[in-house]
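Here is the structure we will look at, set down as structure tokens.
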Amino acid sequence: MSAAPQTTPWLALVMGNTRLHWAIFMGNTLQGTWHTRHLHQAEVDTLIARRFAVAGWKPLTTMSVPKQLDDLEKNAAAGTIALYAASVVPPQLALWQAYPGLRVITLEQVPLANLYPTMGIDRALNLLGAGDRYGWPVLVIDAGTALTFTAGNADQFLGGAIVPGLALQFKALQDYTANLPQVTSGAELPSRWAQTTPEAIQSGVVHGVVAIAEDFLANWHRQYPEAPVVLTGGDGDRLLTWLNTKKRPNGSWHRDADLMFLGMCRCYLLETTDA
């Protein structure tokens with residue numbers, strides 16, 4: 001198959017535990033990203049019927065969506081808008097099965113060695129995108145619904161870890177105790193020695209997450225002193241800010257919300273070119 005034209009648009013969709021993450025590409029060039037909540041079948045059907053045009057997204061997100069969406073239909077190859085999807089939420093993926101432009105990305109299509117069968121596709125794509133953009137070896141910290149650590153070197157998965165993310169920890173304390181309130185964290189690192197229950201929850205969860213991150217970072221940098229660390233996910237900015245209050249280890253640090261889409265783009269190119 002010949003190389004995909006750089007003018008061919010396509011959509012990328014990562015179905016996460018909490019939200020849907022969307023991107024529009026022109027060939028291998030990322031044009032824009034946005035997010036929506038999880039969808040219902042009628043909403044999926046409406047998006048398809050409207051050919052993913054800008055107006056169709058208004059009930060689904062408060063974010064601005066890229067204006068290039070209005071040009072998808074006229075530029076799509078053979079009139080079908082390609083949608084490359086990766087999912088950790090099977091019921092959300094099932095809503096799209098009837099769409100003829102759907103291309104599902106699975107672990108088998110991710111060009112990384114040593115992936116285990118139950119690994120989340122989002123972690124694999126993040127690692128691939130980080131290695132492509134920042135070089136190997138690389139550590140990805142995804143501060144989303146779960147806080148994950150994913151390490152790789154030379155196009156190979158080295159290992160990682162998964163713990164509950166910030167929001168999940170706060171919610172668990174409210175849901176599984178009789179008297180603890182719902183608490184969230186702000187941008188500032190809270191006082192360690194709190195004097196009220198809400199502040200104590202903030203201190204325990206936030207300082208606990210920071211301590212976990214610091215421990216994994218220290219171990220990583222003992223093995224790879226100059227290797228980059230890339231933070232992504234919805235709480236990535238806050239975690240990076242909190243870690244910046246400490247002395248940084250060696251190596252370069254980055255905040256990159258687009259890692260999974262970079263990984264998806266590599267998979268797209270592998271499918272649509274002779275490379």
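The values are calculated or read from the model by the stated rules, or taken from the named source; none is laboratory data. All values reported here derive from a predicted model rather than from experimental measurement. Using ideal geometry, Cβ is built from the backbone for each residue, glycine included, and neighbour counts are taken over all protein chains shown. For accessibility, only protein heavy atoms count, side chains too; no ligands or nucleic acids. Shrake-Rupley method; radii C 1.70, N 1.55, O 1.52, S 1.80 Å.
The table below lists the values:
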| quantity | calculated |
| --- | --- |
| Surface/4 estimate of mean projected area, convex hull on alpha-carbon atoms of segment 1-139, nm² | 9.4 |
| Portion, in percent, of the accessible area of segment 16-99 that falls on carbon or sulfur, probe 1.4 Å | 53 |
| Around residue 132: net Lys/Arg minus Asp/Glu count, Cβ-Cβ under 14 Å | -1 |
| Normalised contact order of the chain, rounded percent, pairs of Cα under 8 Å and 6 or more residues apart | 18 |
| Cα-Cα P(r), segment 60-119, percent of pairs per 5 Å interval | 4, 13, 17, 18, 21, 15, 8, 4, 0 |
| Inter-site label distance for residue 163 and residue 193 at 7 Å from Cα along Cβ, in nm | 2.3 |
| Residue-normalised accessible area of segment 21-62, expressed per residue, 1.4 Å probe, Å² | 46 |
| Where labels lie 7 Å past Cα in the beta-carbon direction, separation of residue 68 and residue 153 in nm | 3.6 |
| Heavy-atom accessible area per residue - segment 90-192, 1.4 Å, Å² | 48 |
| Inter-centroid distance (Cα atoms) of segment 18-57 relative to segment 164-201, Å | 33 |
| Value at 222 nm in deg cm²/dmol, rounded to 500, when DSSP H runs of n ≥ 4 in the chain each add -39,500 (n - 2.57) | -10500 deg cm²/dmol |
| Estimated distance in nm for a label pair at residue 54 and residue 218, the labels positioned 7 Å out from Cα along Cα-to-Cβ | 5.1 |
| Cα-only radius of gyration and Dmax that characterise segment 123-275, units Å | 17.1, 63 |
| Dimensionless Rg over Rh [segment 94-186; C-alpha; Kirkwood] | 1.11 |
| Sequence of 39, 189 when ordered by accessible area, the most exposed leading, probe 1.4 angstrom | 189, 39 |
| Å³ per residue enclosed by the Cα convex hull of segment 179-238 | 101 |
| R0 of 41 Å, Cβ-Cβ distance residue 80-residue 175: FRET efficiency to nearest 0.05 | 0.40 |
| Added length on full extension, which subtracts the Cα-Cα distance from 0.36 nm per residue, residue 26 to residue 61 | 10.4 nm |
| Rg [Å, one decimal], Dmax [Å, integer] - the chain, C-alpha atoms | 20.0, 65 |
